[in-house]
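Single-structure report; data block below.
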Amino acid sequence: MITVEEARALLFDLVSPLPGETVPLSDAAGRVLSQDVEATRDQPPFAASSMDGYAVKSTEVELHAMFKVIGESAAGKRFQGSVGPGQAVRIFTGAPIPEGADFVVIQEDTERRGDLITISDLPGPKTNIRPAGVDFTVGTKISAPRRLRAEDVALMAAMNIAAVPVSRKPVIALISTGDELVMPGDVPGPDQIIASNTFGLKALLEEAGAHVRVLPIAQDTVSSLRTAFELGEGADLVVTIGGASVGDYDLVSDVSAGLGMEQSFYKIRMRPGKPLMAGRLGQAAMVGLPGNPVSAMVCGYLFLLPMVRQMLGVEQVLTPFQTARLTEPLDKNGPREHYMRATLDETGIRACRDQDSSLLSVLAQANALLVRPPHDPALLAGDKVQYLPI
């Protein structure tokens with residue numbers, strides 16, 4: 001058996017950043033920017049008013065000063081003339097500042113009668129003008145790699161970037177195995193259960209930026225499993241769930257080997273998730289996950305998510321461990337690294353009481369994986385531990 005760290009290193013050797021593609025700006029949210037992009041214009045492209053009011057010369061701004069209103073400047077429709085001494089232009093938020101003006105008196109500080117305004121309250125020193133290019137200028141960069149948020153999409157729109165270079169989404173084929181499984185919505189037999197891992201992993205991996213194909217459940221026969229692998233052709237990563245152990249019905253290793261899979265490793269010194277194997281199957285990486293629901297999901301957090309990030313070209317592939325203090329004591333740990341479901345709040349972290357790897361309800365209540373090193377001694381409340389947010 002190998003360590004989690006060794007397994008990750010070997011898994012990263014199986015995948016590499018994928019080539020880029022260009023998508024419309026409207027489809028860019030959540031994608032990973034693969035090349036730097038630059039603004040093609042200044043924002044704002046002109047000096048603009050930040051308030052509704054009157055554009056005047058700053059040297060004339062004083063209490064009770066009077067001005068004649070000679071026109072109007074609105075967003076999208078500037079005043080074409082020039083502001084002279086004793087003159088003002090009615091102006092609205094976002095509108096271009098007229099030539100000759102360098103101050104906007106907000107409307108609340110004025111009184112208007114016909115074409116005349118009087119400054120009724122002394123304005124402060126703020127000009128209420130946004131200079132041209134105050135937000136960004138031509139050539140301002142958004143640097144890759146970067147997972148694009150809604151805010152980034154809005155910024156690129158303002159920069160007039162209509163097409164965005166992004167990393168291609170990794171295609172992942174998920175294959176659940178076992179005669180005991182049926183899909184959600186189907187009617188299970190008396191000895192069957194619902195396939196849950198597939199859908200938890202699909203949600204996890206798609207949130208990270210992958211495109212996931214859920215293949216039909218492979219029965220515990222060589223022919224059914226071979227068919228499932230054939231359906232997975234073209235994927236960047238093939239993930240099997242279950243059938244990776246050494247029981248009479250655990251066929252994944254033999255069938256994948258028969259299809260030419262070059263095994264990288266089998267078994268990791270961890271719990272849950274010990275019976276994990278990985279290798280290369282043709283052009284695709286392959287990972288065989290254990291069938292226990294929590295084991296599969298924990299392996300998804302620890303191994304599949306970093307592999308997806310590696311393929312997307314993300315800089316921080318591994319989620320860094322964090323530190324918290326225990327709110328309850330823990331017994332000593334055994335010989336394998338243990339990733340315990342735990343709940344974290346403002347008081348500290350607490351391991352869930354039942355760590356059975358079949359209990360999805362416990363995983364759903366958890367928001368962290370508390371990490372215990374091999375042979376970690378018993379710990380007291382208040383001791384520091386490492387954890388992985390989930």
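Can you list, bin by bin at 10 Å, the percent of alpha carbon pairs in the stretch 322-390, starting at 0?
23, 58, 19, 0
Determine which lysines satisfy two conditions relative to Lys57: a Cα distance under 20 Å, and not lying fewer than 8 residues away in the same chain.
Lys68, Lys126
Counting Lys and Arg as +1 and Asp and Glu as -1, what is the net charge of the other residues whose Cβ lies under 12 Å from the Cβ of Thr347?
-1
Collect residues whose amide H, placed 1.01 Å from N in the peptide plane, falls under 5 Å from the amide H of Val23; neighbours closer than 5 in sequence don't count.
For Val23, whose amide H was placed from the backbone, the distant partners under 5 Å are Val164, Val166.
Looking at the P(r) of the stretch 147-228, how many percent of alpha-carbon pairs lie beyond 16 Å?
Result: 64 percent of Cα pairs exceed 16 Å.
Quickly estimate the mean residue ellipticity at 222 nm for the chain, helices only: each DSSP H run with n ≥ 4 gives -39500 (n - 2.57), and the total goes over all residues, rounded to 500.
-5000 deg cm²/dmol
Give me the net charge of Gly258's neighbourhood, meaning all other residues with Cβ under 14 Å from the Cβ of Gly258; Lys, Arg count +1, Asp, Glu -1.
So the environment of Gly258 carries a net charge of -2.
Starting from the Kirkwood Rh over alpha-carbon pairs, what translational D in µm² s⁻¹ does the stretch 1-143 have by Stokes-Einstein at 4 °C and 1.567 mPa s?
D, rounded to a whole number, is 69 µm²/s.
Relative to the longest principal Cα axis of the chain, at what angle does helix 197-207 sit, 0 to 90 degrees, rounded to 10?
Approximately 30 degrees, to the nearest ten.
Starting from the Cα of Lys169, draw a straight line to each of the aspartates and glutamates and keep only those under 19 Å, dropping any in the same chain fewer than 8 residues away.
Asp13, Glu21, Asp27, Asp36, Asp152, Glu206, Glu207, Glu233, Asp236, Glu315
Mind ranking 134-146, 202-214 by how tightly packed they are, going by the mean number of other C-beta atoms within 10 angstrom, highest first?
Top of the packing list down: 202-214, 134-146.
Limiting things to C-alpha atoms, what are the Rg and the maximum Cα-Cα separation (Dmax) for the stretch 271-320, in angstroms?
Taking only Cα atoms of the stretch 271-320, I get Rg and Dmax of 11.7, 32 Å.
Take every Cα-Cα pair in the chain and report what % of them are more than 41 Å apart.
Pairs farther apart than 41 Å: 40 percent.
Would you mind counting up the charge near Val69? Only other residues with Cβ under 11 Å from its Cβ, with Lys and Arg at +1 and Asp and Glu at -1.
+2
Taking N as the number of residues in the stretch 202-327, what is its alpha-carbon radius of gyration divided by 2.2 N^0.38 Å?
Against the compact-globule rule of thumb, the ratio is 1.10.
How much of the DSSP bridge set in the chain is antiparallel, in percent, rounded to the nearest 5?
Counting DSSP beta bridges with both partners in the chain, the antiparallel share is about 65 percent.
Please enumerate, by chain and number, the lysines with C-alpha under 22 Å from the C-alpha of Lys384, excluding those fewer than 8 residues away in the same chain.
Hits, sequence-local ones excluded: Lys332.
We did not get these values from a lab; they are worked out from the coordinates using the rules stated. Nothing here was measured: the structure is a model prediction, and the numbers come from that model. When we count neighbours, we look across all protein chains shown, and the Cβ atoms used for this are built from the backbone with ideal geometry, even at glycine.
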